[in-house]
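Read the structure below first, then the notes.
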Amino acid sequence: MNKIGFNVLAWSANMSDELKPILDRLKKIGYDGAEFFVGSPDEAAYKNIGNYCREIGLEVTTVSVLSPEENLISAEAAIRQKGLEKIKWIIDRSHDLGSQVLCGPIHSAFAAFSKAAPQEAEYERSAEMLHQAGDYAAQAGILLTPEALNRFECYLCNTMEQLGHLLGKVNHPNVKAMFDTHHANMEEKKMGDAIRSIGPRLAHFHISENDRGTPGSGHVPWDETFAALAEINYQGWLTIEGFTRNDPDFANAIGVWRQFSEPWDMAENGFAHIKKMMAKHGL
């Protein structure tokens, strides 16, 4: 059965008690879970928020990124090892939250470019590190789902074809694929074809409008998207990821310079949109 989640990055990348009333309202709307960004150094806060989610009956997924100093595709072994250690720390904090799935572009560093197309050696390096990370995540009961990003944020994996190529090299039962409609809207020729191509490996799904605003308000082909999900019998999270200027430090870091939609418009109307599409296409 598919579950519906909402990424609280629409409000904040920080882990604090300020999230609790937000989580209460998400639960009241009808969400099955919340997704959190793992980055805050306050380790105790992860257990605190995780315990709160359990108390109110919200399940958890997590997302994170790697810095250039933690790049899994670096030619320098020390940098790759630092990246693996960072992923292990992210897995530990995700476990503190009670996360089921850890997603994001954890195959390589965010917004770090080599001024060249991706090299086969880079896929090999990433795969080696992700295989080891998969072993560690399996012990925590967390599924890793690397994400393909658009060309302005990543160069190793922009498409499902590239992500599938990487995952074939990883060859680990605990490392699957994630699909994000915002990035696919820029990089894939046809949304449905891309979903079907990664179907056997697909384990997490971000519902994101083309401008990162409220799902259903832009030009992502939602009927084609949900029809393809139904065709592959997708069973997993449908999590809204929309960004705002509410957390200026985070917004500046990812190039969000204007308010696409208000967070609660995303949460309330986005939830209704997903339910409508699920009913229409038999998910």
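The values are calculated or read from the model by the stated rules, or taken from the named source; none is laboratory data. As the structure is a prediction and not an experimental result, all values here were calculated from the model. As a convention, Cβ positions derive from the backbone with ideal geometry for all residues, glycine included, and neighbour counts pool all protein chains shown. Keep in mind that these areas ignore ligands, DNA and RNA; they rest on the heavy atoms of the full protein, side chains included. Shrake-Rupley method; radii C 1.70, N 1.55, O 1.52, S 1.80 Å.
Select from the range 108-182 those chymotrypsin sites (Phe, Trp or Tyr not before Pro) which occupy a DSSP coil region and have at most 15 other Cβ atoms within 10 Å, ordered by residue number.
For chymotrypsin sites (Phe, Trp or Tyr not before Pro) across the range 108-182 that sit outside H, G, I, E and B with at most 15 neighbouring Cβ atoms in 10 Å, the list reads F113, F152.
Under 1.5 on a/c is rounded, so check that first for the range 149-283, then, if it is not, pick prolate when a/b is larger than b/c and oblate when it is not; a ≥ b ≥ c are the square roots of the alpha carbon gyration tensor eigenvalues. The partial results should precede the final answer.
Values: a/c = 1.93, a/b = 1.20, b/c = 1.61.
It comes out oblate by the Cα gyration axes.
Please give the charge dipole size of the range 1-157, origin at the Cα centre, charges +1 on K and R Cβ atoms and -1 on D and E Cβ atoms. Round to the nearest 20 debye.
Roughly 340 debye for the range 1-157.
I'd like the Karplus ³J(HN,Hα) series for the range 47-60: coefficients 6.51, -1.76, 1.60, θ = phi - 60°, whole numbers in Hz, and an x wherever there's a Gly or Pro.
5, 4, 5, x, 5, 5, 4, 4, 4, 9, x, 9, 7, 9
How large are Rg and Dmax for the chain when only the alpha carbon atoms are used, in Å?
Computed over the Cα atoms of the chain, radius of gyration and Dmax are 17.4, 50 Å.
To the nearest 10 Å², what's V65's accessible area with a 1.4 Å probe?
50 Å²
Once you place label points 7 Å from the Cα toward the Cβ at N246 and A279, how far apart are they in nm?
2.6 nm
Roll a 1.4 angstrom probe over the protein heavy atoms and tell me the percent of accessible area of the range 48-176 that is carbon or sulfur.
49 percent
DSSP loop trypsin sites (Lys or Arg not before Pro) in the range 111-165 with at most 10 other Cβ atoms within 10 Å of their Cβ, which ones? Numbers along the way, then the final one.
Numbers: sites: K115, R125, R151; in loops: K115, R151.
Answer by residue number: K115.
Going by the alpha-carbon gyration tensor, a ≥ b ≥ c the square roots of its eigenvalues, is the range 37-111 rounded (a/c under 1.5) or, if a/c is not under 1.5, prolate (a/b greater than b/c) versus oblate? Before the final figure, lay out the partial values.
Numbers: a/c = 3.17, a/b = 2.41, b/c = 1.32.
Judged from the Cα gyration tensor, the range 37-111 comes out prolate (a/c at least 1.5, a/b above b/c).
Can you tell me the accessible area per residue over the chain, all protein chains present, probe 1.4 angstrom, in square angstrom?
Heavy-atom accessible area per residue stands at 41 Å².
Could you compute the FRET efficiency for A77 and S114, with r as their C-beta to C-beta distance and R0 at 22 Å, rounded to 0.05?
Efficiency at R0 = 22 Å is approximately 0.80.
Return a whole-number percent for the relative contact order of the chain, with Cα pairs under 8 Å and 6 or more residues apart as the contact set. Don't skip to the end; give the middle numbers.
Details: 569 pairs, mean separation 50.5, N = 283.
So the answer I get is 18 percent.
Counting alpha carbon pairs within less than 8 Å and at least 6 residues apart, what relative contact order, in whole percent, applies to the range 143-264?
21 percent
Could you work out the equivalent-ellipsoid semi-axes for the range 77-214, taking the square root of 5 times each eigenvalue of the Cα gyration tensor, largest first, in whole Å?
Values for the range 77-214, descending: 22, 18, 14 Å.
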